[in-house]
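Just below is one structure, and these are the notes that go with it.
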Amino acid sequence: MIGVCMTVISVSQLIPKQNISKHVDEMLAFDGLLFLASAMLSYFSIRHPQLADTFERRADVVFLVAITLMVVVGFVVSFELLIH
């Protein structure tokens, strides 16, 4: 998922520079960090069985937030391409 964020950042460079393009890049960079945090929490849940439930729950929440943000950014990019 981090790779998808980086790919969309690269593709967003093709959009004529508007204020929204800068925000899309920033949101996707933050989204990549959220996916990284989710992966790390998931890894910690495997490595620390005594805290697995806590880490898994947090990984799920962070992952769902990241997916939601990615969908929102996708809509923003789509509508920006339609307008221009």
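Things to note:
- Evaluation of Ser42 against (1) modelled with pLDDT of 85 or more; (2) of a type in the set (Gly, Ala, Ser); (3) touching a Ser or Thr at 6+ places or on another chain (Cβ under 8 Å) (one fails), failing number: (3)
- Looking only at residues in the range 32-83 that are of a type in the set (Phe, Trp, Tyr) and more than 21 Å from Thr7 (Cα to Cα), the one that is most open to solvent (accessible area, probe 1.4 Å) is Tyr43.
- Pair list, Cβ < 8 Å and 6+ apart or interchain, from the range 28-54 residues that are among the aromatic types (Phe, Trp, Tyr) to residues that are open to solvent by less than 50 Å² (accessible area, probe 1.4 Å): Phe30/Leu69; Phe35/Cys5; Phe35/Ala66; Phe44/Phe55
The values are calculated or read from the model by the stated rules, or taken from the named source; none is laboratory data. Values in this document were obtained by computation on a predicted structure and should not be read as measured data. Glycine gets a Cβ as well: all are built from the backbone with ideal geometry, and neighbour counts include every protein chain shown. Calculation scope for accessible area: heavy atoms of the full protein, side chains included, ligands and nucleic acids excluded. Shrake-Rupley method; radii C 1.70, N 1.55, O 1.52, S 1.80 Å.
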